[in-house]
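To keep things clear, I will list the structure first and then write my remarks on it.
The values are calculated or read from the model by the stated rules, or taken from the named source; none is laboratory data. Values in this document were obtained by computation on a predicted structure and should not be read as measured data. Quick reminder, even Gly has a Cβ in these numbers, built from the backbone with ideal geometry, and neighbours come from all protein chains shown.
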Amino acid sequence: MLLNKKRKYTVIDAPSILGLRPTGVELLPKALRTAGLLDGLNAEYFGIVTPSSPYNRNRDEATKLLNPRAIRDYSIRLAEAVKYVLHNKKFPIVLGGDCSILIGNLLALRRLGRYGLFFIDGHADFYQPEESPTGEVADMDLAIVSGYGPDILTNIEDLKPLVMEQDIVVFGYRDIAQSAQYGCQDIKNTTNMDTVELTDVQRLGLKNAASIAMDKFLNNELSGFWIHLDVDVLDDSIMPAVDYHLPGGFTFSELSDLLRLLLKSKKAVGISITIFNPTLDKDGSIARNLVSSIVNGLS
C-alpha cells in the first residue's frame, strides 16, 4: 500500500481489556484524544471498536488463556476497521486498550499481503499459556502473531502466522531476567526475529541501533510494516502510569526520534498504542507529555 506524500492519519479507538484486566487502560483512547492527539496530527476520528463479549476473569480450561474466544471475535472486528482505513489510503492510529489488539491490526495486514512488525515494548511478550502466571494474552501477543500458541488466536482465518519471524524487529525490551524466572523462552536465541534489547540501544545509541535494525528489516520483500508501541518502553520514572513496572527505558525525546526514523522509511503503514493507564495520571501531565512525544515523532 502506497501512502500519500502527505500522510493522513485516522484514529481508531480500541479500548479492549480482554487480554489484560479492567485496570484503567481502557481509558487510554479518551485520555490521549483529550490531551490533543487528533489536533496535533490533524487526524480524523474513525470511531470506536468495542468488545461484544463481557470480560471473564477465569482462564479457559482448554487453552489456559483469558477470554480467547472473545479476543478472536474482537480481533476480526478490529481488522475490518483497520482494513477500511488502509483501503482509504489513510494511516491508522489504533488506541488500546491492552496489547492483544495487535492481533486484529496484523490480521488486517495479513489479509492484504506480506507485512512486517516493528515491536516497541519494554517486554518481549512471548509467553506461552503454560508459562504465563496470569493467562493474559497481553503478555503473549508477540508469540501469538508470530504463530506460537493456541490455534484459536494464532490461526484466525487459516492465516497463521500473521507475521513471519524474519519480518519482526523487537526493539527496546528489558524483561529478559524477569521472563526467564517464569520459564519464558529467550526470543534472541530461539526465534529468527531481529532482537534489540534496551542494553543494545544504550550501547549503540538509539538512532544507530534503530537504523541498523531498519536496514535489515527493509531488505525483506515487505509491502510495509506495522508499528506497535507499548508505552512501558518508556523509562519508569517518566511513565509510571502502567500496570507492570521495570526500571529503565526510553525518554520521550528518544521515542520521538525513533518514530521519526521509522516514518522516514516510507514503509510504515500504521501504529498501535497500548497500556497507558490514565487512572495513574492524576493531573493529565503524563498523557500530555506522551501525546507531545507521539506528535513530534509522527509529524
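Just a few scattered comments:
- Matching residues, the stretch 169-191, being closer than 12 Å to GLU131 by Cβ, among the hydroxyl-bearing types (Ser, Thr, Tyr) and assigned to a helix (DSSP H, G or I): SER179
- Of the residues making up the stretch 115-167, those that are part of a loop (DSSP other than H, G, I, E, B), among the polar types (S, T, N, Q), surrounded by fewer than 24 Cβ atoms within 10 Å (Cβ to Cβ) and at pLDDT 95 or above number 1.
- Residue within the stretch 170-185 that is surrounded by fewer than 20 Cβ atoms within 10 Å (Cβ to Cβ), at pLDDT 95 or above and among the aliphatic types (A, V, I, L, M) present: no
Let's see how each residue does on (1) of a type in the set (Val, Ile, Thr); (2) out of contact with any helix residue (DSSP H, G or I) (no Cβ under 6 Å at 6 or more places or on another chain):
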{"residue": "ASN67", "(1), (2)": "no, yes"}
{"residue": "TYR74", "(1), (2)": "no, yes"}
{"residue": "VAL85", "(1), (2)": "yes, yes"}
{"residue": "LYS90", "(1), (2)": "no, yes"}
{"residue": "CYS99", "(1), (2)": "no, no"}
{"residue": "GLY104", "(1), (2)": "no, no"}
{"residue": "LEU109", "(1), (2)": "no, yes"}
{"residue": "ILE120", "(1), (2)": "yes, no"}
{"residue": "PHE126", "(1), (2)": "no, no"}
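- Positions within the stretch 218-271 being in contact with a Gly (Cβ under 6 Å, 6 or more places away or on another chain) and over 13 Å from GLY122 (Cα atoms), in sequence order: LEU222, SER223, PHE225, TRP226, SER256, LEU259, ARG260, LYS267, VAL269
- Matching residues in the stretch 179-207 - criterion: being aliphatic (A, V, I, L, M), touching a residue at least 12 places away in the same chain (Cβ under 8 Å) and farther than 22 Å from GLY297 by Cα: ILE187, MET193
- Of all residues in the stretch 59-87, those that are surrounded by 23 or more Cβ atoms within 10 Å (Cβ to Cβ) have Cβ atoms under 6 Å from Cβ atoms of residues that are of a type in the set (S, T, N, Q), 6 or more apart or on another chain, in ASN67/ASN56; ILE71/SER100; TYR74/SER16; VAL82/ASN105; VAL85/THR10.
- The helices (runs of 4 or more DSSP H) found entirely in the stretch 12-95 that carry 1 or more residues being under 26 Å from GLY284 (Cβ atoms), aliphatic (A, V, I, L, M) and touching an Asp or Glu at 6+ places or on another chain (Cβ under 9 Å) are 28-34, 37-41.
- Screening SER265 on (1) farther than 22 Å from PRO92 by Cα; (2) more than 18 Å from the chain's Cα centre (by Cα) shows it passes everything except condition (1).
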